Amino acid sequence: MTHAPASARRLLIVGPPGAGKGTQAARISEALGIPAISTGDIFRANVSQETELGVLAKSYMDRGEYVPDEVTNDMVRSRLAEDDAREGFLLDGYPRTLDQVSALDGILSDAGLALDAVILLEVDVEEVVGRLVARGEQSGRSDDNEETIRRRLEVYAEQTEPLIAVYDERGLVRRIDGMRSIDEVTAEILGALGA
Ligand code: ADP
């Protein structure tokens, strides 16, 4: 028997590129003692280690396109099977397509688990383009150039925004104003989760 957790511990964080998902995910992960699992970070680690997965992923990432669902779904299934994710997790950047929503539903139901909440970071699109261009200049991230950023925003609107309605119907979405300071956003998220 698993025990009932005190606050929501099986979480997603969703929002357009540049919304600050990674920054907030690290803080929420620390506050709740659950791993933050970023598919983008896992892909980037594979790219820099030049693994087979990395070579494949890079060809999509550099164009601002999504890596194929079956590749991403298998990667998440094995990551969620690791010990540290047993008592909770915060998925950052997954699911991003309706097919990935179904895959995640399957992964969780196979384990007798369910999501507790979906954190939606709402931001102004022109503001995030500016943030990402600045991040690209500082970090050298190859997909943070204006052309790829515009494509990532389009792909988000086409393929990922529709997920919000699905999770809204399940009553899981917590809308957070992502335009405030980093500390204020963190506080708002923790408040919305009852943490
Ligand atoms: P951002 O949200 O800022 O665009 P991420 O680091 O989350 O950045 O993702 C970077 C890239 O990695 C995406 O543009 C995409 O190519 C790939 N990627 C990350 N997560 C997924 C996913 N769930 N499905 C498909 N591709 C993904």
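The values are calculated or read from the model by the stated rules, or taken from the named source; none is laboratory data. Small disclaimer: the values here were computed from a predicted structure and weren't measured. Methodologically, a virtual Cβ is constructed for each residue, glycine included, from the backbone with ideal geometry; neighbour enumeration extends over all protein chains shown.
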- Scan region 46-62 residue by residue and report those that are more than 7 Å from the ligand (Cβ to nearest atom) and either surrounded by 14 or more Cβ atoms within 10 Å (Cβ to Cβ) or on the phi > 0 side of the Ramachandran plot (or both). 46, 47, 50, 53, 54, 56, 58
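This table checks each residue for (1) under 16 Å from residue 12 (Cα atoms); (2) surrounded by fewer than 13 Cβ atoms within 10 Å (Cβ to Cβ); (3) at pLDDT below 95; (4) touching a strand residue (DSSP E or B) at 6+ places or on another chain (Cβ under 7 Å).
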{"site": "71", "(1), (2), (3), (4)": "no, no, no, no"}
{"site": "89", "(1), (2), (3), (4)": "yes, no, no, yes"}
{"site": "125", "(1), (2), (3), (4)": "no, no, yes, no"}
{"site": "142", "(1), (2), (3), (4)": "no, no, yes, no"}
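Can you say whether residue 114 is more than 21 Å from residue 40 (Cα to Cα), touching a residue at least 24 places away in the same chain (Cβ under 8 Å) and either within 11 Å of the ligand (Cβ to nearest atom) or in contact with a helix residue (DSSP H, G or I) (Cβ under 7 Å, 6 or more places away or on another chain) (or both), as far as the supplied structure shows?
The answer is yes for residue 114.
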- Query: Do we have any residue at all in region 64-82 that's without any contact (Cβ under 8 Å) to a residue 12 or more places away in the chain, closer than 28 Å to residue 137 by Cβ and within 12 Å of the ligand (Cβ to nearest atom)?
  - Reply: no
- Scan (1) in a helix (DSSP H, G or I); (2) in contact (Cβ under 8 Å) with a residue 24 or more places away in the chain for the single condition residue 54 breaks and write down its number. (2)
- Message: With the requirement that a residue be touching an Asp or Glu at 6+ places or on another chain (Cβ under 7 Å) and surrounded by 12 or more Cβ atoms within 10 Å (Cβ to Cβ), what does region 153-179 give you?
- Response: 155, 175, 176, 178, 179
- Go through region 21-37 and give me each residue that's crowded, with 21+ Cβ neighbours inside 10 Å and either within 15 Å of the ligand (Cβ to nearest atom) or polar (S, T, N, Q) (or both). 21, 24, 25, 36, 37
